[in-house]
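This report refers to the structure that appears directly beneath it.
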Amino acid sequence: MGSLFRSEEMTLCQLFLQSEAAYACVSELGELGLVQFRDLNPDVNAFQRKFVNEVRRCDEMERKLRYLEKEIRRDGIPMLEIPGECPEAPQPREMIDLEATFEKLENELREVNQNAEALKRNFLELTELKHILRKTQVFFDEMADPSREEEQVTLLGEEGLMAGGQALKLGFVAGVILRERIPAFERMLWRACRGNVFLRQAEIDTPLEDPSSSDQVYKSVFIIFFQGDQLKTRVKKICEGFRATLYPCPEAPADRREMAMGVMTRIEDLNTVLGQTQDHRHRVLVAAAKNIKNWFVKVRKIKAIYHTLNLFNLDVTQKCLIAECWVPALDLETIQLALRRGTERSGSSVPPILNRMETMEDPPTYNRTNKFTSAFQNLIYAYGVATYREVNPAPYTIITFPFLFAVMFGDLGHGALMAAFGFWMCYKEKPLQAKKIDSEIWNIFFGGRYIILLMGLFSMYTGLIYNDIFSKSLNIFGSSWRNNYNQSTLMSNKLLQLNPDSWDYLQTPYPFGIDPVWQLAEANKIIFMNAYKMKISIIIGVFHMLFGVCLSLWNHIYFKRRISIYVEFIPQIVFLTLLFFYMVLLMFIKWTTYGPDPASNFNNDDPEIVKTSAYCAPSILITFINMMLFKHDENSRPVCDEVMYAGQMGIQKFFVIVALLCVPVMLFGKPYFIMKEQKQRARQGHQPVEGAAENGSAGGAAPPAHAHHDEDITEVFIHQGIHTIEYVLGSVSHTASYLRLWALSLAHAQLAEVAWNMLLRKGLMSTDFQGGIFLYVVFAGWAAISVSILVLMEGLSAFLHTLRLHWVEFQSKFYAGEGYLFQPFSFEVILDSAGQGEE
Amino acid sequence: MACKFCGPKLSLCGLVLSVWGIIQLTLMGVFYQIGAVALLEDLPLEAEGGHHSIDSFVATVEAGYRQNAINCWIAALLYVITLVVSGHQFWMNNRSSVSM
C-alpha cells in the first residue's frame, strides 16, 4: 500500500510479449492503468509504424461513428449511456464485424438522406407551383379587367395603341424568387427591358424549406408580362441570373384549375412518401443510438491498443514484441496477473516476461490518491510536480490549506454557506458526476468539492473565534465587560471608554473567541483586532515556515545528503528560530506578562505593579528592529523597565550574532565540502587505472561515481549563493508576507459590515408593519450581494492568497518540484479525455 | 396546476434564497425579541439628540426591538410563501424535463 508521504517507488521494466498474445495483454494492461510505456521507436514516422493500417481502420470507423452521432443528435434522439461496466476491447477479428456494421449503417443513412433531399426538392417545386397558380389567378383577373387599360397603355407606350388600337397579346412568364432579391430584380428588369415589361409580385406567406440547407426562406411569386420574343429571352436570362425558378403556367383559367388539382394530389403523395422516409431514417437512427456509445468505447480502446503496440520494438526473430515501461514497484504482482490473464485469453502458450531494468534516468512521480486527496495533490502539482521520491507536501496541505483560508475568510455565516454548498456537492457526488455537465466553471468547482467543504467548515470555526456572523457578534457565554458609568455620564458623553484595568472588565475572559462587546466599539475595534490578527498571522507564518524547513530534513536524510544536513538544514533552522521564533516568543511573553492586576485593587501606584501593567507593554516590532540594528532607544516611559525579562539585551545580541554567523556557513559550507570531495575523487581517480587489471569490481565501482558530474566550482558557489540569499532575504519577506492573513480578514470583516449597514439595515429602520415587506425585498438584495461579493469574490481571493502562501512561502523551504508526472496507459483516462474532447 | 412562469434556474435560486431567508430571518426575529445588544444599531430610532431622558430612550429601544422582531417574522413568512411557490415551480420544471 503506497502512502502520500513520498511518491511511489518506480521501476523500469522490460516486457517481452509473444506477437499473438500482445493485443490481449495490452488490453488487460489498459484496463489496469498502472503502466507507462516508453516510445521505443521515436525516430519512426507515424506512417511507417507497424500497425499503421489498423490505426487507419480505427480512424475510419471513428469517422463513421461520428457521422452517425451527428445524425442522431440532429434528430434529437437520446443516446443511451452504457449500463454498468465499460465494454472490454474486442478481439482483432471482431474488428472486421464492427467495420461491416458501420459501413452498412453509414451507407443506409447516406442513401436515406439523399432520397429525402431529392424528395424535398420535388416537394418544394410543387409547393412553389401551387403558390404560383393561386397568386397568378389574381394577376390574370387584373389583366382582363378593362378598367386597368389605361395602365397598360401608358406602360406599352403610344406605339401599342397605334399598332392596332386594341390590347395586344402579351406573353408572360411566372416564377418564384427569394423575397430579398425582388427590388434588385425589378430594377434590373426595368433597365434591361427599357420599361417594356410589366412585373407583378405577391409574397408567399409561409416560409419554404430549402432542401440543401434546411433553412426556412421567404419567397415571392412574380409574373412578368412582355411582348415579343426578344423581350422574352431577355427576361428569361435575367430570371436565370437572379436564380428565380420559372414554372410553366397555363393561360386559360380552366387549365390552371386542372393543373392546381393535379399539383395538390402530387403534393399529398409526396408528403406521404416523405413521411415514410423520415420514419425509416428515424428507425435506423434509434436502432443505432442504442449501441453507439458502446461502439465508441470499443473503437477507442482498439485504437489505443494499436497506438501502444506501435511504441513497441519487434524482436530480431520477429516472433515477439519488446516494450519498456515504468511500473510502480508495489504493483508488479498485479501486472503479472494481468499479463497472465491476457495470455490465457489469447490462447497463447508462451507466458510474457517482465524484467526489471537498472537505469540512471529519473523515474516519473506517482502518488496514489483517492477522490479526496487527489484535489489537494493537484493543487500542489499545479505549481510543479515533485521530484522522484521527494517529500510530498500534499498530506499537510489537506489541513493547512483550509486553515489558512479560514483565517482570511473567518465568518460563521459565509463559512456556513460555503460548507453547505460543498456538502451538497459531496453528498450528490454520484448523480452530479453522471450528469456530465459541460460548463468548465462548474467542473472546476465540482473537482474541488472536498476542498470547498473543508474550507467552509474551517471558516465556520474561525468565524466563531473572530465572533463574526455576517458582521454581527454572537453573545453565547455572556460578555466579560460591564458598564459602570452613572446616568449623567451616559447622558452627556457620546463615546465612553471601558478600562480593563478596573471592574469594567470582569477579569475572566470570554471563554471562546473574541468578546461580543467589541462589536459595539466602533472607535477602536479595528485597532484591537489589528493587534490580535497581526500577531496571529506572524505566529502562524513562522510555524508554517519552520515546518517547511523541517520537511527538508527528511529529504536530506532520504537522498543521503549528510553534508546538507550540517551545512544547510542546521543553519537554516538556527537562523529562523533565533530571529523569528524568538519574535513569536516575545509576543507570547508580552501577552502573558503585561495586564491588569486585580489583586492590587487597580490604580495602584506601586512601581512593581506598574511595571507589569498595560501601560508598560513594549512594542514587539520596535524591540525586534532595535535588536537587529543593535540600537538602544531612550526610555520614554521612566516608570517602566526597558526589558521584558532579565538579560534580554544580552540574549538578543547573542541570538543576532549566532544567526548572522549562520549566513557564511550556508554560503560557503556546501561548496567547501564539494571541493573537498572533488579533490578526493580526483586523487582516487588515478588509482583504478592500475587496479583495474587486478580487481574488475573495484574498477567498476569508481567510474559510476565519477560519472556523477563534476560541477564547475564557480557554479557551485553561485548556486549556493543564490540559495542563501533567497533563504535569508526570504525569511524576512515571507514572514511579512504572512501578514496577508490579517489584511484579508480585515477586508472581509469590513466588507461584511458595509454590506449589512448599507443594505440590510435599511430594511430594519421602519416603525410599522410594512417594514416587514420592505425587509423581505431588501433581504434578497443583501443575500445576492453577500453571495456574489463576499462569498464568491472574497472566497476566490482568499483561495488565491492561500495558494500563494503554500506555493511560495511554504514550499520554497524544501520543495524541488522538478519531476514529471506518471501518465499510465489507461483506458479510463483515454475515454474520459475523448469524451470531453467531443463536447 | 397553473403554468410555470419560472425557468429551472430562477426557481432554484428562489428555493435556495427562501430557505436561507426563512432560517436567518426567524433567528433574527428571535434575537430581536430577546433584546440582543448586537442588533442595537439596527433599530428604528429617532435622530440623535432626540432623547431627553434615559427612560424615553430605553422605551424607544424596546419598542424598536419588538417592532423589528415582528417585521423579521413577517418577512420570514413571506419567504415561506416564496419557498412554496419556488418549490412548486422547481418540481414542475423537473417533472417536465424528465417526462420529455
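The values are calculated or read from the model by the stated rules, or taken from the named source; none is laboratory data. Since the model is a prediction, treat every value here as computed from it, not as a measurement. Methodologically, a virtual Cβ is constructed for each residue, glycine included, from the backbone with ideal geometry; neighbour enumeration extends over all protein chains shown. Accessible surface areas use protein heavy atoms only, side chains included; no ligands, DNA or RNA. Shrake-Rupley method; radii C 1.70, N 1.55, O 1.52, S 1.80 Å.
Other residues within the sphere of radius under 11 Å centred on the Cβ of B:Y32, judged by their own Cβ, net out at -1 (K and R +1, D and E -1). Compared with the dominant Cα axis of chain A, that is its longest principal axis, helix A:648-686 is turned about 70°. Look at where the Cα atoms of the range A:738-752 and of the range A:771-837 average out, and the two centres are 18 Å apart.
Shown here for the range A:481-586: trypsin sites (Lys or Arg not before Pro) in loop regions (DSSP other than H, G, I, E, B) with at most 13 other Cβ atoms within 10 Å, namely A:R482, A:K494, A:K560. Cross-link reach is defined here as a Cα-Cα straight distance under 20 Å, omitting same-chain residues fewer than 8 places apart; for A:K219 the aspartates and glutamates meeting it are A:E117, A:E125, A:E128, A:E180, A:E186, A:E203, A:D205, A:E209, A:D210, A:E240. With respect to chain A, whose longest principal axis is taken over its alpha-carbon atoms, helix A:713-737 is tilted by about 90°. Classified by the C-alpha gyration tensor, the range A:489-534 has an oblate form. Its axis ratio a/c, with a ≥ b ≥ c, is 1.5 or above, and a/b does not exceed b/c. Applying 1/(1 + (r/R0)^6) with r as the Cβ-Cβ distance of A:L629 and A:I444 and R0 = 56 angstrom yields a FRET efficiency of 0.70.
Going by average Cβ neighbours within 10 Å, how do the peptides A:574-582, A:361-369, A:72-80 rank, with the highest at the top? List each step's numbers first, then the result.
Numbers: A:574-582: 20.4, A:361-369: 18.2, A:72-80: 12.8.
Result, highest mean Cβ count within 10 Å first: A:574-582, A:361-369, A:72-80.
Of the residues A:V327, A:T277, A:L314, the one whose Cα sits farthest toward the positive end of the charge dipole of the range A:255-377, with +1 on the Cβ of Lys and Arg and -1 on the Cβ of Asp and Glu, is A:T277.
Checking the cross-link pairs A:K135/A:K237; A:K135/A:K169; A:K169/A:K232; A:K130/A:K236 against a 18 Å limit on the alpha carbon distance flags A:K135/A:K237; A:K135/A:K169; A:K130/A:K236 as lying beyond it.
When the chain is fully extended, how far beyond the present Cα-Cα distance does A:E522 get from A:L506, taking 0.36 nm per residue of separation?
Numbers: separation 16, 0.36 × 16 = 5.76 nm, distance 2.10 nm.
Contour length minus the Cα-Cα distance gives 3.7 nm.
On the beta carbon distance between A:Q680 and A:L660, with R0 = 30 Å, the FRET formula returns roughly 0.45. Other protein chain C-beta atoms within 10 Å of residue C-beta, averaged over B:18-25: 4. Among residues other than A:I830 whose Cβ falls under 12 Å from its Cβ, what is the net charge (Lys/Arg +1, Asp/Glu -1)? Local charge sum for A:I830: 0. Dipole of the protein assembly as shown computed with +1 at Lys/Arg Cβ and -1 at Asp/Glu Cβ about the Cα centre; of A:S745, A:V665, A:N45, farthest Cα towards the positive end is A:N45. Listed by chain and number, the aspartates and glutamates whose C-alpha is less than 15 Å from the C-alpha of A:K64, apart from same-chain residues fewer than 8 away, are A:D97, A:E99, A:E103, A:E106, A:E108, A:E111, A:E838.
Among the GluC sites (Glu not before Pro) found in the range B:4-100, those both in a DSSP coil and sparsely packed, with 13 or fewer other Cβ atoms within 10 Å of their Cβ, are B:E46, B:E48. If you take all other residues with their beta carbon under 14 Å from the beta carbon of A:L412, and give Lys and Arg +1 and Asp and Glu -1, the sum is -1. In whole angstrom, note down how far apart the Cα centers of the range A:79-123 and the range A:547-579 are. Between the Cα centres of the range A:79-123 and the range A:547-579 lies a distance of 65 Å. Scanning chain A for cysteines with no neighbouring cysteine C-beta under 4.7 angstrom from their C-beta gives A:C13, A:C25, A:C58, A:C86, A:C193, A:C239, A:C249, A:C320, A:C325, A:C426, A:C550, A:C662.
Rounded if a/c is under 1.5, else prolate if a/b beats b/c, else oblate: with a ≥ b ≥ c from the C-alpha gyration tensor eigenvalues square-rooted, which is chain A? Here chain A falls in the oblate category. Annotation note: GluC sites (Glu not before Pro) in the range A:1-80 located in DSSP loop regions with a Cβ neighbour count of at most 15 within 10 Å are A:E9.
Accessible surface buried by the B/A pair amounts to about 2500 Å², both sides summed, 1.4 Å probe. Between A:L821 and A:E209, the modelled label-to-label distance comes to 4.7 nm, taking each label 7 Å out from Cα in the direction of the beta carbon.
By how many nm would the segment from A:L337 to A:I789 grow when fully extended, if each residue of separation counts as 0.36 nm and the alpha-carbon distance is taken off? Let's see the in-between values first.
Numbers: separation 452, 0.36 × 452 = 162.72 nm, distance 5.48 nm.
So the extension gain works out to 157.2 nm.
For the Cα atoms of chain B, what angle does the longest principal axis make with the long axis of helix B:8-33, in degrees from 0 to 90, nearest 10? Roughly 20 degrees, rounded to the nearest 10. For the residues of B:79-88, the average number of beta carbons from a partner chain within 10 Å of their own beta carbon is 1.
First measure r as the distance between the Cβ atoms of A:F559 and A:E429, then evaluate 1/(1 + (r/R0)^6) with R0 = 41 Å and state the FRET efficiency to the nearest 0.05. Once rounded, the FRET efficiency stands at 0.60.
Post the alpha-carbon centroid distance, the range A:305-336 to the range A:422-477, in whole angstrom. Distance between centres, Cα-based: 45 Å. Exceedance of the 24 Å cut-off in Cα-Cα distance is limited, within the set A:K104/A:K436; A:K371/A:K533; A:K653/A:K813; A:K560/A:K813; A:K120/A:K290; A:K371/A:K560, to A:K104/A:K436; A:K371/A:K533; A:K653/A:K813; A:K120/A:K290; A:K371/A:K560.
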